[in-house]
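The structure appears right after this line, and notes come after that.
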Amino acid sequence: MPPIYLTTPIYYVNDKPHIGHAYTSLATDVLARWKRLAGQEVFFLTGTDEHGQKVEKAAQDAGMDPQAFTDKVSQSFRDLAVTMGFSNDDFIRTTEARHKAACTALWEELVKRGEIYLGAYEGWYAVRDEAFYGPDELVERDGVKYAPSGAPVAWVKEPSYFFRLSKWQDWLLNHYETHPDFIAPASRRNEVMSFVKSGLQDLSISRTSFTWGVKVPGDPAHVMYVWLDALTNYITAAGYPDVNAERWKFWPADVHFVGKDIVRFHAIYWPAFLEAAGIAVPRRVYAHGWWTNEGQKISKSLGNVIDPLALVEEYGLDPVRYFLLREVPFGQDGDFSRGALVRRLNGELADALGNLANRTLSLIQRNCGGVLPPAAERTEADAALFASVDTLVAAVEAQLDQQAFHLALETVMAAVREANGYITVQAPWALKKTDLNRMNAVLRHLHTAMRAYATVLQPFMPGTMALMLDQLGVPADQRDFAALSTPLAEGTALPPPAPLFRKIEEAKA
Ligand code: ME8
């Protein structure tokens with residue numbers, strides 16, 4: 001199986017992480033964990049974007065030297081990764097020497113190929129987005145001009161190097177046509193294509209009005225445009241410019257996970273830079289939607305920023321991980337509501353999944369001496385249960401390969417509901433007196449089903465599913481997808497079950 005490379009955006013260190021940052025990295029983490037369980041070699045990268053005017057200004061506002069400031073804030077993103085259970089293989093910072101070397105090498109390659117020229121930039125710039133905008137994209141309110149993102153823009157005039165982006169317009173359009181999976185979901189693909197069709201201008205890729213960035217080789221009065229610097233992180237971590245590096249085998253990236261706010265940079269500038277430098281372009285850019293908080297835009301000024309650490313503290317890590325990917329179709333905007341989180345936690349995790357495990361495992365304790373009953377024949381009455389169990393890995397994988405995390409979880413939950421129906425109808429507790437063999441068979445079948453559910457849910461809820469697999473007596477080295485085809489040995493001793501999820505009173509939500 002080919003190795004797989006998954007990335008998150010590298011986050012600006014102008015402020016501490018919030019739920020939006022946790023969300024993108026969580027999705028990436030789930031896919032990375034899934035592919036490892038499927039036996040693939042995975043490289044999962046995240047990190048921080050530390051240069052540019054926005055970060056420089058945040059450091060000044062904090063009265064700190066920019067490097068000391070970025071050291072501090074970058075650490076809070078690393079702490080978030082630990083708290084959220086992210087399994088990233090590397091954490092890149094754009095202030096690292098390896099990254100400056102990669103940016104320098106890429107710049108030199110572009111110069112060598114005649115893709116960069118010196119000129120002067122005159123136009124609108126939004127520091128908050130670190131982006132240039134055309135006059136037709138702006139709206140004016142109270143004498144201030146704003147970008148479509150809501151960020152105020154200012155007029156900038158300075159000498160600048162340019163990248164010949166306009167030259168790549170037709171190549172880009174052809175690439176989108178011939179690689180229909182390159183940008184997802186479809187709404188974003190359409191948006192990007194119509195933007196490119198409307199005409200691309202050459203891109204200003206250096207600045208002279210501040211110094212916090214990677215210096216342009218041979219012209220240190222210029223620092224590189226922060227987006228050229230930032231996007232390069234994805235090849236830095238794979239070893240660029242050393243194409244003999246161990247990690248270069250991972251390039252091109254399989255999926256760049258991003259939010260919809262930064263799709264333009266990833267789906268237009270990035271493939272153009274790479275193609276112009278003779279480097280393979282990534283396979284896919286997936287731009288997910290935007291979270292609001294109880295119906296409101298999340299913003300510092302509204303004081304409604306959701307701190308992922310506080311949420312985890314309150315509800316536990318795995319319910320939060322589950323909720324974020326379950327509640328909202330990946331790719332669409334979604335609203336964060338505590339009530340919705342509590343309903344998912346109580347209804348699906350505690351009641352449907354947790355109770356199923358608890359009931360079945362308690363019966364095995366009481367009626368089977370705490371020992372796994374032997375593998376049993378499947379009867380007609382077991383067919384519906386196994387119809388979903390036997391196809392679960394393939395069905396969930398097909399959805400995850402489309403980044404349809406919500407559908408993947410719906411598939412697992414539909415299977416769990418099937419098992420809940422099965423236990424009610426089969427009523428193994430009543431079989432104790434009437435048909436001991438059938439009771440054993442039903443409990444064994446439920447055990448097999450739950451092993452499958454817990455195995456496929458590991459990427460979403462690693463900690464709790466490890467506990468569930470412990471309770472199911474599944475050895476630690478038999479928890480990948482391939483191991484599902486080998487039944488557990490008859491007579492495996494199962495520990496006494498304990499509740500997997502704690503219900504929350506709705507009133508407290
Ligand atoms: O753009 N809902 O960094 P950034 C969902 N440094 N996702 C959200 C969100 C929300 N309300 N808020 C943020 C940058 N995100 C650049 C990226 S990559 C080479 C450079 C997530 O700190 C989402 O993934 O502004 C979004 O794209 C990203 O955080 C922006 O993070």
- Item | Relative contact order [Cα under 8 Å, 6+ residues apart], the chain, whole percent | 15 percent
- Query: How high is the relative contact order of segment 452-509, in percent, counting Cα pairs under 8 Å that sit 6 or more residues apart?
  - Reply: 33 percent
- Ranked highest first by average number of other Cβ atoms within 10 Å, how do 295-301, 379-385, 309-315 line up? 309-315, 379-385, 295-301
- Take every DSSP beta bridge whose two residues both sit in the chain, then give the antiparallel share in percent to the nearest 5. 55 percent
- Message: Please compute the volume of the convex hull spanned by the alpha-carbon atoms of segment 1-104 and report it per residue in Å³.
- Response: 96 Å³
- How large is the dipole of segment 302-444 about the Cα centre if only Lys and Arg carry +1 and Asp and Glu carry -1, each at its Cβ, rounded to the nearest 20 debye? 780 debye
- Applied in sequence order to segment 98-113, the curve 6.51 cos²θ - 1.76 cosθ + 1.60 (Karplus, θ = phi - 60°) yields integer Hz couplings, x standing for Gly and Pro, of 4, 6, 4, 5, 5, 4, 4, 5, 5, 4, 4, 5, 5, 5, 4, 8
- segment 244-370: radius of gyration and largest Cα-Cα distance (Dmax), Å: 21.4, 69
- What angle do you read, to the nearest 10 degrees and between 0 and 90, between the alpha-carbon axis of helix 355-367 and the longest principal axis of the chain? 30 degrees
- At R0 = 60 Å the Cβ-Cβ FRET efficiency linking Gln60 and Arg438, nearest 0.05, sits at 0.20
- Over what distance in Å are the Cα centres of segment 291-352 and segment 207-266 separated? 32 Å
- Note on the structure: Per principal axis, largest first, the Cα atoms of segment 309-396 extend in Å by 46, 30, 17
- Message: If you roll a 1.4 angstrom probe over the protein chains with everything in place, what fraction of the accessible area of segment 189-264 belongs to carbon and sulfur, to the nearest %?
- Response: 50 percent
- Amide H within-cut-off set for Ile92, under 5 Å, with H built and near neighbours excluded: Thr46, Gly47, Thr48
- Message: Helix 405-426 against the longest principal axis of the chain: what's the angle in degrees, Cα atoms only, rounded to the nearest 10?
- Response: 10 degrees
- For segment 75-190, the Debye formula with one identical point scatterer on each Cα and no solvent gives log10 I(q)/I(0) at q = 0.15, 0.18 Å⁻¹ as -1.20, -1.27
- Work out the FRET efficiency for Glu158 and Glu275 from their Cβ-Cβ distance, taking R0 = 30 Å, and round it to the nearest 0.05. 0.65
- Task: Taking amide H positions as placed in the peptide plane 1.01 Å from N, state which residues far from Tyr5 in sequence (5 or more) or on other chains have amide H under 5 Å from it.
- Result: Phe43, Asp254, Val255
- What is the spread of the Cα atoms of segment 378-509 along each of their three principal axes, largest first, in whole Å? 46, 40, 28
- Item | Cα→Cβ-extended label distance, 7 Å offset, between Arg113 and Asp480, nm | 3.7 nm
- What percent do you get for the relative contact order of segment 128-285 when only Cα pairs under 8 Å and 6+ apart count? 21 percent
- Task: Grab the beta carbon distance between Asn190 and Tyr146, set R0 = 30 Å, and tell me the FRET efficiency rounded to 0.05.
- Result: 0.80
- segment 119-267: proportion of alpha-carbon pairs further apart than 21 angstrom, %: 55 percent
- Item | Tail fraction, Cα-Cα pairs, the chain, threshold 31 Å, whole percent | 50 percent
- Considering the convex hull of the alpha carbon atoms of segment 164-247, report its projected area averaged over all viewing directions, in nm², one decimal. 7.8 nm²
- Message: If the reach is capped at under 29 angstrom between alpha carbons, list the lysines near Lys57, excluding any in the same chain fewer than eight residues apart.
- Response: Lys16, Lys72, Lys100, Lys145, Lys157, Lys215, Lys260, Lys297, Lys300
- Task: Using every Cα-Cα pair within segment 437-509, state what percent have a distance larger than 22 Å.
- Result: 28 percent
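The values are calculated or read from the model by the stated rules, or taken from the named source; none is laboratory data. Computed from a prediction, not measured in an experiment: that's the story for all the values here. Cβ sites come from the backbone with ideal geometry, for glycine too, and all protein chains shown count toward neighbours. Quick note on the areas: whole protein, heavy atoms, side chains included, nothing else; ligands and nucleic acids left out. Shrake-Rupley method; radii C 1.70, N 1.55, O 1.52, S 1.80 Å.
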